[in-house]
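Step one of this worksheet: look at the structure below.
The values are calculated or read from the model by the stated rules, or taken from the named source; none is laboratory data. From a predicted model like this one, the values you see are computed outputs, not experimental measurements. Cβ placement follows ideal geometry from the backbone for every residue including glycine, while neighbour counts extend to all protein chains displayed. Note: areas computed on protein heavy atoms with side chains; ligands, DNA, RNA excluded. Shrake-Rupley method; radii C 1.70, N 1.55, O 1.52, S 1.80 Å.
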Amino acid sequence: SLFFGVFFIYPLIRTQVKEESKLRAMTATLSERSQTFEHAALTDALTGMQNRRYFDEALDEYLKEFARVRRPVGLMIIDLDHFKRINDTHGHDVGDEVLRAVAECLKDLTRYHDVVARLGGEEFAVVAPNMSLDLLMRLAERIRKAIAAAPVSRGKSKLRVTASIGVAVWDGHEDAEGLFRRADQN
């Protein structure tokens, strides 16, 4: 039985331990890849900001939570003015630089718990919980001025980028789509 154990069972145990180790390593790798894919699915590759998918889910969550505590939720829809002209005149690489500069402005001017997202093209959004309309309007104006002052250069000249910002504060009853539509119209 000693002979059988040494020559048959011990090699089987060693093989099983090696395979188990490989499976653990593979599981760790798959877990890392899964996190990477999840991050990629919720992030805009050009700006590094959250994307529309993340924004939609976050806005729904904020409205559910803030309905419970009866607090305001502000929403800003930011649209860059005449962005197509920038792309057509200066090229898409400059357009991309403009989008990254706007993203930096938004990151710099918002709070850590605000949701800042690129919705697509030249449209951005900010979900600002616990903000009255007055505070939201002031923040929107600071953002508008910061975008206009954003350092985007083309050769020796500096591009002036402007933005239109629609704001709305949740009325406590409308759904996320209704709030978005109202902010977009404003």
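Structure summary
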| quantity | calculated |
| --- | --- |
| Verdict on Leu133 being surrounded by 13 or more Cβ atoms within 10 Å (Cβ to Cβ), aliphatic (A, V, I, L, M) and either closer than 24 Å to Ala176 by Cβ or in contact with a helix residue (DSSP H, G or I) (Cβ under 6 Å, 6 or more places away or on another chain) (or both) | no |
| Residue match in the stretch 96-113 (condition: farther than 26 Å from Lys158 by Cβ, charged (D, E, K, R) and modelled with pLDDT under 95) | yes |
| Some residue of the stretch 22-43 being under 20 Å from the mean Cα position of the chain (by Cα) and at pLDDT 70 or above | yes |
| Filter result for Arg70 (under 23 Å from Leu59 (Cβ atoms), over 18 Å from the mean Cα position of the chain (by Cα), charged (D, E, K, R) and at pLDDT 95 or above) | no |
| Candidate set from the stretch 149-169 (those that are over 17 Å from Gly95 (Cβ atoms) and either modelled with pLDDT under 95 or open to solvent by 80 Å² or more (accessible area, probe 1.4 Å) (or both)); member that is farthest from the chain's Cα centre (by Cα) | Lys156 |
| Count - residues of the stretch 102-120 that are in contact with a Leu (Cβ under 9 Å, 6 or more places away or on another chain), open to solvent by less than 40 Å² (accessible area, probe 1.4 Å) and over 17 Å from Val73 (Cβ atoms) | 3 |
